[in-house]
Structures are given as structure tokens and as C-alpha cells.
């Protein structure tokens, strides 16, 4: 009777966990839009933004039941180097939180938000991995869970760029002083609009599209509906261009090059591919030299127009932020605690906002060199696991390629702090690596 009860418990909790993961993956590309629009009717914008984190909390509860009741999963969990690194990184973050709070270096709200955005995607990765291990459902459905919402995001981005009024999102509660700005520009020049679709901004949209283009590129090479993937990819590339996110442009090129390179089967193909890539680079450099004085190129590509309405160009702001961040890391090698840098530092009342425009520098500012080493170790281990499965898994290949591009994006922004990208990429990584855990006999 106890055995029957345990089987029913695992079966029901597995189904519930699958439904929660699917709900989050489908809705998180619309996270910003839904929370802003919802707050227009019921208020509580900040509270509404936590809906995906509430789903994570519920999944953590379910995963805890599995770990307590299932010895095989518990043994894997305790013996995994990846899990140990994640736990060590979380433990270090919590320890530094207590120290910084005791010293008065961080406000409680900033501390809570800093811990949340730094650790939630790693917790999400682990619980989705455990969920995918218990059931093949997510592994079967992931293309639809990713690409159907992406089609809506990309289509809306295209409409924003071509047909809709620039302030269209203002009708849904977007307000730069209360929620999210309804429109973004390049160096405050209203002639150069950056679209954001349903995401939090143009840069988050660009980072999200790095992942989507990697999935489409992989599907195209694997012969999965090539015409659909080709058309979808062209529209997605237009949306990427319209986002004006230069880091995402480069990240997408890197990820697609990785996808293409890993499809090559012999030395001759690699030589041809390398030659074509070099030729493309020469064309791009030549085009830059010829057009660098063009006003549109100065604005959209270089952000350096002489008569810009902005007193400080985005390039200069990036450089200054990065320099200040590096200076912090040099003088505080052990970090100053979560919430003292990055987006969370905006809530650190009584202390300066420290946004380095570089996710790795942010982690070093908050958790020091040790924390940065732990985080990089986590990413490297996940990348290694994905790479080991690229020949058998389309998802693993797409995620590995996207990770290369997104890692570059994080050199110029705080991409992992965005709900959409963090929950989507790390959730898919959990699905791709779910079979790492020994299979259980169920039903």
C-alpha cells in the first residue's frame, strides 16, 4: 500500500511539475507585457512581476519531496559536481548577504532582489532538470513551447518597426516613470527607434532572439521544416535588426557560426566554411570603412553621430560603467554582497547605483573573485554537458550555440538578470540535460 501511494505521489507531482514548467516557458516571453498590462487594472506592478518566481517556489517544494522520498535522485544530487558548484555559489551569496547587511552596505529590498535575480535561474535549471528526468513530456514538446510564443514576439516586433505608432505600448500601461518606457531610441534621437516587442526592452529582446535564431538555425540544418524555419528566421533577423542591440547582433552571428561549424563533417567543408566566413568579415569591414560617415550607420551601428541629442553617447556610458566596475573589483576582491551592484543596486537606498554593463563584472562586484570563479565554473560545466550531447540532441546543439552568443552579450549587458532569457534558456538546459539523472521506473 505504501508503494502504491508513493507511485501515485510521484506520478501526480510529476504531472503538476510538467504543467508548471510548460506554463512558464510559454508565458515568460510575454512576462513584461502581461505584468505591465495587468498592473493597469489591478495595480501591484512589483508583485505581479513575481509570478514566475512563485512558480519556481512551488517547483522547489515538489523537488524537495522527490529528493526526500527518492534515494536514487538524492544520491545523484549529492554526488554531482554541478550541483555542488551551484550550492557553493548560493552559499557564498547568502554568506556575503549577511555580512553586507550587518555592515549596512545594502538595503533589505536591494538584497532580496539581488539574491533573487542572481540565483533563481540556477534553481530553475535544477528543478526543471529533475522534472524532465521523471517524464519525457517536456523533451517532446519543447519546440512548440519555444517557437510558438517566439512567433508572436517576432511578429509583434515587426509590426512595431513598420506599422504601429511608436508609443503604441503606452495604451497598455507602459510608462517610463512607473513601469517600462513604451519606446526606446538610440542616443535620444526619435528618428531611430528600437523595438522591444513584449520584452522588458530592446536589449532583452535582442538577447532572447539569439536563442530563437539558434533554435531555428539548428532546426534548419537538421531538416526540420526548412521552409518554415527559413521564413521564420528572416523575420526574426529583421526583429533583431530593429532591436538595435549591437551585442545581440554579434551574439547571433557567433551562435549561428557555431551551429554551422558543428554541422561540418570533414576537413574540406571546414576549409570552405572558414573561407566563406573570412570573406564575409572582409565585406563587413569594407562596408564599415566605406559607410562610417553615413548618418544612419553612425546612429544605428556606431551610436556616434556628431549632432546627437544625447550629451553622453551610449558608447561612452558603457566604457565609463565598465571602468568603474573593474575598479570596484580590484579594490574589493571579496565582493560587497548581492544587491550592491547590477540592476538590484537601483534599490540600494543610500548607496550609489553600480551598473557595470557587464554581467561578469557585476558578479565579481557582488561575490568577489571566488563567486565569479564558481559562476564561470557552473556555466562551463553546463556547456560541457551540452556539447557532449550535440550529436544526438537538436536542443543541446541549439543551447550550446546560443550560450556562446549569450555569453558574449553578457560582456556588454546584464542579460541573465532578465526573466525571459534566464527562465527560458536555463529551463531548456534542464530539459536537454534531464536524462543525466538515472531513470526511474514509474507507472
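No value in this document is a laboratory result; all are computed from the given coordinates. Quick caveat, the model's predicted, so the values are computed rather than measured. Using ideal geometry, Cβ is built from the backbone for each residue, glycine included, and neighbour counts are taken over all protein chains shown.
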Residues 75, 184 in order from fewest to most other beta-carbon atoms within 10 Å are 75, 184
Return the ratio Rg/(2.2 N^0.38 Å) for the chain, where Rg is computed over Cα atoms only.
1.00
Top mean-square fluctuation among 167, 203, 348, Gaussian network model of the chain, C-alpha springs under 10 Å?
167
What the Cα atoms of the range 1-129 span along the principal axes, largest first and in whole Å, is 50, 40, 23
Diagonalise the Cα gyration tensor of the range 125-253 and give the resulting equivalent ellipsoid semi-axes, square root of 5 times each eigenvalue, largest first, whole Å.
29, 18, 13
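May I have the convex hull volume per residue, in Å³, for the Cα set of the range 366-435? Intermediate values should be presented prior to the final figure.
Details: hull volume 6.2 nm³, N = 70.
About 89 Å³ per residue, rounded to a whole number.
If we count other beta carbons within 10 Å of each Cβ, what is the order of 186, 271, 378, 406, fewest first? Working shown, then result.
Working: 186 24, 271 11, 378 20, 406 27.
Listing 186, 271, 378, 406 from fewest to most nearby Cβ atoms yields 271, 378, 186, 406.
Tell me, 84, 194 in order of fewest to most beta-carbon neighbours within 10 Å? Each step should come with its number before you reach the end.
Working: 84 15, 194 20.
Least to most surrounded, the residues fall as 84, 194.
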